[in-house]
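Peer 1: Structure provided below as structure tokens; questions to follow.
The values are calculated or read from the model by the stated rules, or taken from the named source; none is laboratory data. This one's a predicted model, so the numbers in the text were calculated from it and none came from an experiment. Note: ideal-geometry Cβ built from the backbone for every residue, glycine included; neighbour counts use all protein chains shown.
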Amino acid sequence: MAGVSITNLTQPIPKGLGSSFIKVAKEVLPGWDLSLVFVGPTKARALNVQLRGKDYIPNVLSYVVGEKSGEIIICPSEAAKQVSSFQLPLSSFLLLLFIHGALHIKG
């Protein structure tokens, strides 16, 4: 069964984004199971080192887990530091990061 599971391991996320993430996932990766995880900076950095060998805090990471299955990891605190450069509300920037991650998974 295709869908999106959302896990928040960090600060509160703006309300109403869940349905937007699901809509994007259905459009960009139809039939896929996606896991979206919000993490803090320590976990984001550790995953970036583990998955990519890069030692910095990323705003988003994404990767394929299996056939039609992927994971997108977003660090909201890092996104909050960068959002002013994009002149967007944080909720829109988080959605943009999700789209970016989904497109990486799509290839």
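Peer 1: For the range 91-100, indicate whether the set of residues that are at negative phi, surrounded by fewer than 13 Cβ atoms within 10 Å (Cβ to Cβ) and at pLDDT 95 or above is non-empty.
Peer 2: First, the residues of the range 91-100 that are at negative phi: 91-100.
Within this subset, residues satisfying the condition of being surrounded by fewer than 13 Cβ atoms within 10 Å (Cβ to Cβ) are none.
No, that holds for no residue.
Peer 1: Can you confirm whether residue 71 is charged (D, E, K, R) and closer than 14 Å to residue 101 by Cα? First the steps, then the outcome.
Peer 2: On the way: charged (D, E, K, R): yes; closer than 14 Å to residue 101 by Cα: yes.
Yes: the conditions hold for residue 71.
Peer 1: Next up: For residue 60, are the conditions met, namely being surrounded by 14 or more Cβ atoms within 10 Å (Cβ to Cβ) and modelled with pLDDT of 95 or more?
Peer 2: yes
Peer 1: Going by the structure shown, is residue 19 modelled with pLDDT under 95, of a type outside the set (Asp, Glu) and surrounded by fewer than 19 Cβ atoms within 10 Å (Cβ to Cβ)?
Peer 2: Yes, satisfied.
Peer 1: When you go through 92, 84 one by one, which is the residue that is over 24 Å from residue 23 (Cα atoms) and free of Cβ contacts under 8 Å to residues at least 12 places away in the same chain? Before you say what the answer is, go through the steps one by one.
Peer 2: On the way: 92 fails: over 24 Å from residue 23 (Cα atoms).
Only one candidate qualifies: 84.
Residue-wise test of (1) closer than 20 Å to residue 82 by Cβ; (2) surrounded by 12 or more Cβ atoms within 10 Å (Cβ to Cβ).
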position	(1), (2)
24	yes, yes
31	no, no
34	no, yes
39	yes, yes
45	yes, yes
50	no, no
53	no, no
56	yes, no
66	no, no
